[in-house]
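The values are calculated or read from the model by the stated rules, or taken from the named source; none is laboratory data. Just so you know, these numbers come straight off a predicted model, no measurement behind them. All Cβ positions, even for glycine, are placed from backbone atoms using ideal geometry, and neighbour counts span all protein chains on display. Note: areas computed on protein heavy atoms with side chains; ligands, DNA, RNA excluded. Shrake-Rupley method; radii C 1.70, N 1.55, O 1.52, S 1.80 Å.
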Amino acid sequence: MVEHTDELHPSEYFLQAGSIPSIWCPGCGIGTVVNTFIQAVEKSKIDFEKICVVSGIGCTGKVAYHVKFNSFQAVYRNPIKRASELKLKNPNLKVVVFLNDVDFMTSGAEGFIGVGKRGVALCVIYVNNFIYRIFIEHKALSRTPFIGTTVENNIESPFNIPHLAKSCGAQYVARWTPLHARRLMYSMADALQKPSFSLIEVISPCLMYYASNGIIGRSLDRVSFFYDNSIIKHGEPTENLDIRPPNKIIVGKFVDNIRE
Amino acid sequence: MKVFLNGLKVIKGEVFIMKDRCKGCGFCVTCCPMDVLEVSKKFNVNGYHFPVVKNPDDCINCGLCEILCPDFAIWSVLKEERQVVEV
């Protein structure tokens, strides 16, 4: 048995000293997303100083604290707007935005639509965990019909985010789950090279809220539930990407083109 | 068969575990394609069951445990690489 505690992880250079182990629950997908992001940066050989990480509020907002890149945490519903200001002021930076439901699709939706339509070259990584529920009208936008925060199933169907991103003019749209880690890494390495707006949606469960309903077993089962119920279809038309529970979740790379 | 195998590389890796960082999520144990790891019965500093290496000779350095670990607690390095010669 090999247990070397003296040696360092190969990605140790990209981590804020003393911030690991992270604050996320055991089995949460956000840690895997951060790990794949760091490996994608290593793979795409972008200059370490040219990357800036912006994140919002909530659990996903802590990404800015855990990584050692230039980073800041924007206030409620503002990270995409602040990131676009940063990018327009410093065009040489690669700006990566980590978002959750609040900052991306509910309260911050107008920022995403405006900035995406303008084509600011941001790499947006959206960790979708279907739980946002502060205001009643937001439930229709991002949450899932089968589990989450309503006791009964939701009467609304969830929002088709890749379709909206494509109609806003995004140049690169992909959707994965955390257990597709290697494919997610290649997607991130692709999206970092794009000269226009790109979106990667990561479907990851919130362990705490799913545990309260007790529908899907242990933490590992909740992550692998999405992995098992997904099917890879590259280039699928974005109209078909609704998440409706009896059908499988379609993952893959959907849009990859040059913006006119 | 000789034609296909000749010139291929056999890669062996070595797994390193930083056990006090582990939070016991079980990603690495479940997703390892060669079934190298297993969950230990011991506890680490924070009270989680960390993974241990069960079959150290089977590791093929695929790096899946390294990319999946949310807490950067496990990684693998290349230990040995040799080419298959004609049998």
(request) Would you be so kind as to list the residues of region B:10-46 that have their accessible area lowered by at least 30 Å² in the full protein complex compared with their chain by itself (1.4 Å probe)? (result) B:16, B:17, B:18, B:19, B:21, B:23, B:25, B:27
(request) Would you jot down the residues in region A:32-56 that end up with at least 40 Å² less accessible area in the complete protein assembly than in the chain alone, with a 1.4 Å probe? (result) A:32, A:35, A:39
(request) Considering the options A:26, A:72, A:36, tell which one lies farthest towards the positive end of the dipole of region A:12-108, charges being +1 on Lys and Arg and -1 on Asp and Glu at the Cβ, about the Cα centre. (result) A:72
(request) Report, to the nearest whole %, how much of the accessible area of region A:1-68 belongs to carbon and sulfur atoms, 1.4 Å probe, protein only. (result) 53
(message) Quick check of the Kirkwood formula: for region B:9-83, what is the inverse mean of 1/r over all pairs of different Cα atoms, in Å?
(response) 12.4
(request) Only Cα pairs under 8 Å and at least 6 apart count here; give the relative contact order of region A:15-95 as a rounded whole percent. (result) 29
(request) Just the number, please: carbon plus sulfur as a percent of the accessible area of region B:9-83, 1.4 Å probe, no ligands or DNA/RNA counted. (result) 52
(request) Let me know the whole percent of all Cα-Cα pairs from the protein assembly as shown that are separated by more than 34 Å. (result) 27
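Given the DSSP H assignment, sum -39500 (n - 2.57) over each helix run of at least 4 residues in chain B and divide by its residue total; what's the result at 222 nm in deg cm²/dmol, nearest 500? Write out the running numbers ahead of the final one.
On the way: 3 runs with 14 residues, N = 87.
Mean residue ellipticity at 222 nm (helix-derived): -3000 deg cm²/dmol.
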(request) Select from B:55, B:40, B:27 the residue farthest towards the positive end of the dipole of region B:9-83; place +1 on Cβ of Lys and Arg, -1 on Cβ of Asp and Glu, and compute about the Cα centre. (result) B:40
